[in-house]
1. If you scan region 316-333, which residues turn out to be free of Cβ contacts under 8 Å to residues at least 60 places away in the same chain and among the aromatic types (Phe, Trp, Tyr)?
2. Residues that are β-branched (Val, Ile, Thr), at pLDDT 95 or above and surrounded by 15 or more Cβ atoms within 10 Å (Cβ to Cβ): which helices (runs of 4 or more DSSP H) entirely in region 248-319 hold 1 or more of them?
3. Looking for whichever is more than 19 Å from the chain's Cα centre (by Cα), surrounded by fewer than 17 Cβ atoms within 10 Å (Cβ to Cβ), touching a residue at least 60 places away in the same chain (Cβ under 8 Å) and farther than 30 Å from TYR12 by Cβ here; the options are THR359, THR336. Which one fits?
4. With the checklist (1) in contact (Cβ under 8 Å) with a residue 24 or more places away in the chain; (2) on the phi > 0 side of the Ramachandran plot; (3) not charged (D, E, K, R) in hand, flag the one item GLN57 doesn't pass.
5. Filter region 320-333 for residues that are farther than 20 Å from VAL188 by Cβ and surrounded by 12 or more Cβ atoms within 10 Å (Cβ to Cβ); which is nearest to the chain's Cα centre (by Cα)?
6. Which condition number does VAL76 fail, the rest of (1) outside any helix (DSSP H, G or I); (2) among the β-branched types (Val, Ile, Thr); (3) in contact (Cβ under 8 Å) with a residue 60 or more places away in the chain being met?
7. Among residues belonging to region 110-132 that are part of a helix (DSSP H, G or I) and within 28 Å of the chain's Cα centre (by Cα), point out the one that is surrounded by the most Cβ atoms within 10 Å (Cβ to Cβ).
Amino acid sequence: MRSIIRELVAEYRRIFSDPGAVLILVGALVLYAFFYPIPYRAQVLKEVPIVVVDQDQSDLSRRLVRMVDAHDLTRVVAQAAGMAEAEAAVRAGSAGGVVVIPAEFERRLRRGEQAFVMAYTDASYFLIYRQALTGILEATGTLSAGVEVRRLMAEGMPADRAMKARDPLPLLMRPLFNPAEGYDAYVVPAVLVLILQQTLLVGLGLVRGTARERNVAARGSVFPQASSPPAGTDPSAIASLVGKTAAYYTLYLAHALFYFGIVYRLYGFPERADALTLFRFATPFLLSVIFLGLALRALFRTREMALQVLLFTSLPALFLSGFAWPVEALPRWLATFAKALPSTSAIPGFLRLTQMGATLQDVRVEWLMLWSLCGVYFAAAWAAEWMDKRAGT
């Protein structure tokens, strides 16, 4: 126990004596927590610029233009003389969509015939595409419903019956778990989990790289090896591993409590899990990441290698988690490989706990997977620590 405590204290000294490690393991998490969600605070994209090509120039077509402009998702910024001018505006980025109202639009409606409105939206940006198309569809649908109701009333049907006849089976939509349907509550909670994993892995690599560089310098008599323990106090591999694990676990448990207890409430993210459930799920996640980092950092000879290798893995880890891209759409071998990353099980587990109010039993598959990774990576970390002890590094 003394060796474990001694190693825990020594690892904290290594962390806080290295400015780069402090920046990654402490500063980066605080900075990410407050600055990463800022671009998404608007939650929903609104007032997508729309260009209108009105070839009818009738009262009804002008009413439709006003309705598209009045919708909270779209805003009419210009009326083009032709389709070529409208396409040029979209290509230039000044508009996200085009509405074309054909000639004889009002005449066809008044004769009871079917009329068409063409909508072209920029599908290279999915958010713009979705919002622009939704706004245009709802505006044209409202106009269509009004025309149909007036036609039924002209045939002698009462207003309430006419409205029911126009929409006999109304659809009531209620979005679950993200009532605002905002991008903020969708993307940020998942990325926060990935931030915990990636900063921990990079920080472990930095601390290890610094220790190696100091050992090399000490052996070359450049300056004394400050981190070498006194004779007779060098802990065993298992005691050293447990002490280092305890240091990073306590540090990142505080970070996890800060994220789920403060950052979630600060930005209004759904938080439907109790503290004990989050603690029980976070424990195997943090331990598996720590053991993975302790095993991987044996490969890093310099501190720069940790940054170069591990920063590159952040974006692939996000996509492999099944959050930004469905797991079912991944090749089978890639989906299998993704299970080796703690974030692949942690992200859906945390999202279901915090946003859907799931219980630990509901996420038992992810929870058990994280504990399995703990066992595998513990063995790898122990082997790496034992080899370091034998090599004297």
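The values are calculated or read from the model by the stated rules, or taken from the named source; none is laboratory data. On a predicted model such as this, the values are computed, not experimentally measured, just so you know. All Cβ positions, even for glycine, are placed from backbone atoms using ideal geometry, and neighbour counts span all protein chains on display.
1. PHE319, TRP325, TRP333
2. Passing ranges, in order: 275-296.
3. Among THR359, THR336, only THR359 is more than 19 Å from the chain's Cα centre (by Cα), surrounded by fewer than 17 Cβ atoms within 10 Å (Cβ to Cβ), touching a residue at least 60 places away in the same chain (Cβ under 8 Å) and farther than 30 Å from TYR12 by Cβ.
4. Result: GLN57 passes all but (1).
5. VAL327
6. (3)
7. So, considering only residues that are part of a helix (DSSP H, G or I) and within 28 Å of the chain's Cα centre (by Cα), the one surrounded by the most Cβ atoms within 10 Å (Cβ to Cβ) is ALA132.
Conditions (1) over 20 Å from GLU271 (Cβ atoms); (2) of a type outside the set (Val, Ile, Thr), marked per residue:
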{"site": "GLU304", "(1), (2)": "yes, yes"}
{"site": "PHE323", "(1), (2)": "no, yes"}
{"site": "GLU328", "(1), (2)": "yes, yes"}
{"site": "LYS339", "(1), (2)": "yes, yes"}
{"site": "ILE347", "(1), (2)": "no, no"}
{"site": "THR354", "(1), (2)": "no, no"}
